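Only one structure is covered here, and it is reproduced in the block below.
The values are calculated or read from the model by the stated rules, or taken from the named source; none is laboratory data. Fair warning: this is a prediction, and the values are worked out from it, not measured in the lab. Side chains are part of the model used for accessible areas, which takes the heavy atoms of the whole protein and leaves out ligands, DNA and RNA. Shrake-Rupley method; radii C 1.70, N 1.55, O 1.52, S 1.80 Å.
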Amino acid sequence: FENMGIRVVSHAAAARDSLVSSFFAFLHSGRSGYVLLCGFMLMVLAGVMMVATFDSREARAAPPGWDQFVAATGSNQWVSCSFLLSAAAIVLSINYLPRLEGEG
């Protein structure tokens, strides 16, 4: 059991070192951390809007199940949520896709 414990610790240390080196490689690769943060914040706001979508008057008035989903996705909150998700996808892709062409 002692040998297996040493293996587990060495694998955990190697995984930690790999994670840290990947993080520093990301920071030094020229990608903008602010744009990444903006993309994640847009995704968080989209999540908040999705909660508001299923808590809207239209969704609460419909019976639970498929009818509630249809009522929720027909609301104005769903439109806002879909715009926020689209904006997050665009912001994150602008941050990453142009640099993939030159990377090898």
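Probing with 1.4 Å while keeping every protein chain in the model, the per residue accessible area of the chain equals 74 Å².
Per-atom-type breakdown for the chain gives carbon and sulfur 70% of the accessible area (1.4 Å probe, protein chains only).
A Cα-only calculation for the chain places Rg and Dmax at 21.4, 61 Å.
Relative contact order, whole percent, for the chain stands at 30, derived from Cα pairs under 8 Å and 6 or more residues apart. Springs between alpha-carbon pairs under 10 angstrom, Gaussian network model over the chain: which of VAL79, VAL20, VAL51 fluctuates most? Highest fluctuation among the options: VAL20.
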